[in-house]
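Engineer: After the structure tokens below, expect a handful of questions from me.
The values are calculated or read from the model by the stated rules, or taken from the named source; none is laboratory data. Treat the numbers as computed from the prediction; the structure is a model and nothing was measured. Cβ: placed from backbone, ideal geometry, glycine included. Neighbour counts: every protein chain shown.
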């Protein structure tokens, strides 16, 4: 178990020792219960894969939460891992639990870091279970090897981490078809965080594939297209021209002899 998975360890303690640990209604713990838990590291099924350091951290987060401090402030019986009474809260312990925690002061960076650590402990102690999905995106077809008659195996590198993916043949064929059909495309592969790899990477479990065609964006700096010129101009209508002269002589009344 990694050091940043302390809330999961607290959940184990709640499940394994329900008469002693509870997130919603915590009870004062027996003095010396930390030593009893450390003795169970590597022995009890819930503590097989954890270290003594992680166990101490989980207990510190649990007892540092507001709900636990309020339980101690109310006083009463303390309880052991088996849920049996084991001593009582003293008045001095009650007063200590009631005392407010030191307020954050901007005096030094070190004091701010201590306050942040206390805040993180309190928040992590209140953590709830959740599901985490990991999505990787690729835009080129990776090289693959058959992993079984129904699956292929390939690897990608993202954020300096190696990720190994095992896809079913149908999904792999969809990926190959997109690579051959579209000039530009992107594939999103979503799954759960799987087993760790020796180099710090991991395997992506239960991958689901989505492929999208990527349309190229128009060039903003390109000049606007010029409208095409017509293939033939419309004929110009003929203008009215004057008629040519016929060359006939003009008639005149001069030298006309009157009739008698």
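Engineer: Return the residue satisfying two criteria in turn: it lies in the range 49-91 and is under 31 Å from the mean Cα position of the chain (by Cα) and in a loop (DSSP other than H, G, I, E, B), and of such residues it is nearest to residue 30 (Cα to Cα).
Structural biologist: 65
Engineer: Oh, and also: If only one of 121, 143, 94 is outside any strand (DSSP E or B), over 29 Å from residue 184 (Cα atoms) and at pLDDT 85 or above, which one is it? Let's see the steps before the verdict.
Structural biologist: On the way: 121 fails: at pLDDT 85 or above; 143 fails: over 29 Å from residue 184 (Cα atoms).
The conditions single out 94.
Engineer: Anything in the range 11-35 that is over 32 Å from the mean Cα position of the chain (by Cα) and exposed (fewer than 14 other Cβ atoms within 10 Å of the Cβ)? List them, or say none.
Structural biologist: 18, 19, 25, 32, 35
Engineer: What about residue 193, is it under 21 Å from the mean Cα position of the chain (by Cα), assigned to a strand (DSSP E or B) and crowded, with 16+ Cβ neighbours inside 10 Å? Explain how you work it out, then say what you get.
Structural biologist: Details: under 21 Å from the mean Cα position of the chain (by Cα): yes; assigned to a strand (DSSP E or B): yes; crowded, with 16+ Cβ neighbours inside 10 Å: no.
Spelling it out, it is not the case that residue 193 is under 21 Å from the mean Cα position of the chain (by Cα), assigned to a strand (DSSP E or B) and crowded, with 16+ Cβ neighbours inside 10 Å.
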